[in-house]
1. Exactly one of these conditions fails for R39: (1) within 21 Å of the chain's Cα centre (by Cα); (2) over 16 Å from P167 (Cβ atoms); (3) not in a helix (DSSP H, G or I). Give me its number.
2. Please determine, by comparing only the residues of the range 11-36 that are surrounded by 20 or more Cβ atoms within 10 Å (Cβ to Cβ) and in a helix (DSSP H, G or I), which one is nearest to the ligand (Cβ to nearest atom).
3. Can you tell me which residue is farthest from the chain's Cα centre (by Cα) among those in the range 209-230 that are in a loop (DSSP other than H, G, I, E, B) and closer than 17 Å to F240 by Cα?
4. Might you let me know whether the range 88-96 holds any residue that is more than 11 Å from the ligand (Cβ to nearest atom) and hydrophobic (A, V, I, L, M, F, W, C)?
5. Report, ordered by the first and then the second residue, all pairs with beta carbons closer than 8 Å, sequence separation of six or more or different chains, a first member in the range 236-248 that is outside the structural domain of P119 (by TED's automatic domain parsing), and a second member that is surrounded by fewer than 23 Cβ atoms within 10 Å (Cβ to Cβ) and among the β-branched types (V, I, T).
6. Hey, could you check the range 109-153 for residues that are among the charged types (D, E, K, R) and touching a helix residue (DSSP H, G or I) at 6+ places or on another chain (Cβ under 9 Å) and say which is nearest to G170 (Cα to Cα)?
7. Do we find that D47 is in the same structural domain as E144 (by TED's automatic domain parsing), in contact (Cβ under 8 Å) with a residue 24 or more places away in the chain and more than 21 Å from the chain's Cα centre (by Cα) in this structure?
Amino acid sequence: MDFLRPTTWEDALAAKADQPEAVPVQGGTDVMVEINFDRRRPPALLDLNQVAELREWAMVDGACRVGAGVSYTTVIEELAGPLPGLAQAARTVGSPQIRNRGSIGGNLGAASPAGDSHPPLLAAGAVVEVESLARGVRMIPAAEYYLGVKRSALEPDELIRAVHVRPATGPQYFSKIGTRNAMVIAVCSFAIALHPGERRVGTGIGSAAPTPRRAPEAEELLAQELDWGAPLDPALAGRFAELCAAAAAPIDDVRGAAAYRVHAIAVMARRTLTWAWNDHLARRAA
Ligand SMILES: Cc1cc2nc3c(=O)[nH]c(=O)nc-3n(C[C@H](O)[C@H](O)[C@H](O)COP(=O)(O)OP(=O)(O)OC[C@H]3O[C@@H](n4cnc5c(N)ncnc54)[C@H](O)[C@@H]3O)c2cc1C
């Protein structure tokens, strides 16, 4: 197995163009598990750890541009203010060791329906920056990025460079159900982001469909019917929860039953909307 170790982004793109079958490695918390269990035996590994810029984040055109190699720990320690939903999700990932090594770009690269960063990225309307030597940069909205179980819009010669997320303008929440409190892959999860300036609410459903996905009809309901100056109507919250559950398409598997997941999505949707709405009203009153 070849081990490629570029030190610049340009060299990394050139290596991927030269050997599209080379598997990128950032934290290795997914890749190394697959290799250790012999689920994957790639002809080459493309180690991105020497490309320092991938571990950095910056404000670019009003959005946080989070490098693909930024770890969950960095998100928690440095980005909880502008990206509270993503930081909440990051706190639920694995253990401290996994949060130190595991990256947002690695979660996107794996594109697991259960990946914890996906629901908050969907709810916030994030955009994934990918690049290839041949075709340059593509900006892919998160809602168009996930194509199937562990399949994404990333082409074989492309690498993920960053994800762009606008700083929160309203409350955001992430909720995850697991079989225990730590070191657990989600049975299902849900993220919500209030965008008060646009009178809009974003959603993200995790581990309850072949891909992470939004609940567009539930978002539309709130766009039409929410009164942004009034207490939350419990009947409206209930209809929102039903539409979120209807957007899910889960399966029975070792982590949970499909029927349980549908029920849980409704519960998490109603709860997170209520938490976010209470915060929203408190901020208005302050
Ligand atoms: C014990 C344990 C617990 C875990 N718990 C959780 C959890 O609670 N929640 C959760 O969501 N995940 C969890 N995971 C999975 C994993 O930690 C996450 O998916 C993490 O985000 C992967 O990041 P990484 O940098 O380690 O990725 P890697 O393993 O390096 O890569 C993952 C995938 O992304 C690709 N990739 C990496 N970087 C790029 C790039 N720049 N461009 C293109 N492709 C790229 C790789 O080729 C690979 O396919 C856990 C894993 C372990 C081992």
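The values are calculated or read from the model by the stated rules, or taken from the named source; none is laboratory data. Owing to the predicted nature of the structure, the values given are computational and were not obtained by experimental measurement. When we count neighbours, we look across all protein chains shown, and the Cβ atoms used for this are built from the backbone with ideal geometry, even at glycine.
1. It is condition (1) that R39 fails.
2. V31
3. So the first thing to find is which residues in the range 209-230 are in a loop (DSSP other than H, G, I, E, B), and the list is 209-212, 214-215, 226-230.
If we keep only those that are closer than 17 Å to F240 by Cα too, we end up with 214-215, 226-228, 230.
Values: R214: 11, A215: 15, L226: 26, D227: 29, W228: 27, A230: 31 Å.
Among those that are in a loop (DSSP other than H, G, I, E, B) and closer than 17 Å to F240 by Cα, it is A230.
4. no
5. Pairs that qualify, where the first residue is outside the structural domain of P119 (by TED's automatic domain parsing) and the partner is surrounded by fewer than 23 Cβ atoms within 10 Å (Cβ to Cβ) and among the β-branched types (V, I, T), are A237/T274; A241/V267; A245/V262; A248/V262.
6. Looking only at the range 109-153, we keep the residues that are among the charged types (D, E, K, R), and these are 116, 129, 131, 135, 138, 144, 150-151.
When the remaining residues are screened for being touching a helix residue (DSSP H, G or I) at 6+ places or on another chain (Cβ under 9 Å), the result is 116, 131, 150.
Working: D116: 20, E131: 31, K150: 31 Å.
Going through the qualifying residues, I end up with D116.
7. On the way: in the same structural domain as E144 (by TED's automatic domain parsing): yes; in contact (Cβ under 8 Å) with a residue 24 or more places away in the chain: yes; more than 21 Å from the chain's Cα centre (by Cα): yes.
Yes; evaluated as a whole, the condition is true for this residue.
This table checks each residue for (1) touching a Leu at 6+ places or on another chain (Cβ under 9 Å); (2) surrounded by fewer than 20 Cβ atoms within 10 Å (Cβ to Cβ).
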site: V201; (1), (2): yes, no
site: I205; (1), (2): yes, no
site: E220; (1), (2): yes, yes
site: A241; (1), (2): yes, no
site: A248; (1), (2): no, no
site: A259; (1), (2): no, yes
site: H263; (1), (2): no, yes
